[in-house]
1. Does Leu78 qualify as being surrounded by fewer than 18 Cβ atoms within 10 Å (Cβ to Cβ) and more than 22 Å from the chain's Cα centre (by Cα)?
2. Being touching a helix residue (DSSP H, G or I) at 6+ places or on another chain (Cβ under 7 Å) and either assigned to a helix (DSSP H, G or I) or aliphatic (A, V, I, L, M) (or both) is the filter here, so list the residues in segment 111-127 that pass it.
3. Does Arg96 satisfy the criteria of being buried (at least 16 other Cβ atoms within 10 Å of the Cβ) and among the basic types (Lys, Arg)?
4. Please go through (1) modelled with pLDDT under 95; (2) closer than 20 Å to Ala192 by Cα; (3) within 14 Å of the chain's Cα centre (by Cα) for Val131 and return the number of the only condition it doesn't satisfy.
5. Which ones in segment 128-144 are buried (at least 22 other Cβ atoms within 10 Å of the Cβ) and touching a helix residue (DSSP H, G or I) at 6+ places or on another chain (Cβ under 8 Å)?
6. Go through Ala163, Ala147, Ala192, Ala170 for me and flag whichever is under 17 Å from the mean Cα position of the chain (by Cα) and open to solvent by 10 Å² or more (accessible area, probe 1.4 Å).
7. State which residue is nearest to Ile202 (Cα to Cα) when the search covers only segment 13-30 and only residues that are among the polar types (S, T, N, Q) and either part of a helix (DSSP H, G or I) or without any contact (Cβ under 8 Å) to a residue 12 or more places away in the chain (or both).
8. Are there any strands (runs of 3 or more DSSP E) wholly within segment 132-223 with 3 or more residues that are under 19 Å from Phe15 (Cβ atoms), and if so which?
Amino acid sequence: MTIRAVVWDVDDTLFDYTTADRQGMRAHLVAEGLIQEYGSAEAALVRWREITDQQWARFSAGEVDFVTQRRDRTRDFLGRQLTDDEADAWFQRYIRHYEAAWGLFPDVLPVLEALSGSHRHAVLSNSSITVQEHKLRSLGILDRFEAVLCAAELGVSKPEAGAFLAACEALHLPPHEVAYVGDHPEIDGRGAAEAGLLSVWIDRGTAQSQSAEGAVVHRISTLAELPALVRADTRFGAPSTFG
């Protein structure tokens, strides 16, 4: 079984989203004078993440568009009625602090370089192309990928099989010749496996769920392990390394 391409998740897989989100929101709360309203920066961050998950679920279900879920995140977090312009302005101020903290994980560039001559590369993210192309360009790696596909434009999000199959179609490859690498065992791991891709979970300690029973998902703790995995016939080898 030959793997010809690797499709990548972005946040907490290539890009250290958790650190950037934490540092960016902390700086933003200080600048806005809001920390006291939440008791601590840590409490505010927990609330921000909860609201983000809730609003993204609405977007994934097709209840709202991408911009609306972002505005509603801001309104819910602040507990205020805001006009669209007010919500957009607040979010853009947050984005400036967030982007100042952007960075790749240290294992990213070495693995992209190691696989540059042997495998094709693309991105599949539960975000928007505008957001992720800007991020990848700012981080200096956009030109590493043949295609960038995102849920906002596809109209389908991970873990639905259609999202993963769209990435395979963009590469003109069947699923069994494509590996998917992501940080979440269910959204990325199970979703990719059930869509027929070689599924690789990069365990960076950010995912809450640690279960993908019944799905053949290969767990790695560093991207340095990926080249050996995608160059080997592992699809029907050892069972899932979860649990």
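The values are calculated or read from the model by the stated rules, or taken from the named source; none is laboratory data. Since this is a predicted model, take the numbers as computed values, not measurements. Glycine gets a Cβ as well: all are built from the backbone with ideal geometry, and neighbour counts include every protein chain shown. Areas reflect the complete protein model, heavy atoms only, side chains present, ligands, DNA and RNA absent. Shrake-Rupley method; radii C 1.70, N 1.55, O 1.52, S 1.80 Å.
1. yes
2. Within segment 111-127, Val111, Leu112, Ala114, Leu115, Ala122, Val123, Leu124 qualify.
3. The answer is no for Arg96.
4. Only one criterion is unmet by Val131, namely (2).
5. The one that is buried (at least 22 other Cβ atoms within 10 Å of the Cβ) and touching a helix residue (DSSP H, G or I) at 6+ places or on another chain (Cβ under 8 Å): Leu136.
6. On the way: Ala163 fails: open to solvent by 10 Å² or more (accessible area, probe 1.4 Å); Ala192 fails: open to solvent by 10 Å² or more (accessible area, probe 1.4 Å); Ala170 fails: under 17 Å from the mean Cα position of the chain (by Cα).
Being under 17 Å from the mean Cα position of the chain (by Cα) and open to solvent by 10 Å² or more (accessible area, probe 1.4 Å) holds for just one of Ala163, Ala147, Ala192, Ala170, which is Ala147.
7. Residues of segment 13-30 that are among the polar types (S, T, N, Q), as a first pass: 13, 18-19, 23.
From the residues that got through so far, the ones that are either part of a helix (DSSP H, G or I) or without any contact (Cβ under 8 Å) to a residue 12 or more places away in the chain (or both) too are 18-19, 23.
Working: Thr18: 14, Thr19: 16, Gln23: 22 Å.
Among those residues, the one meeting the criterion is Thr18.
8. Qualifying strands (runs of 3 or more DSSP E): 147-150, 178-182, 198-202.
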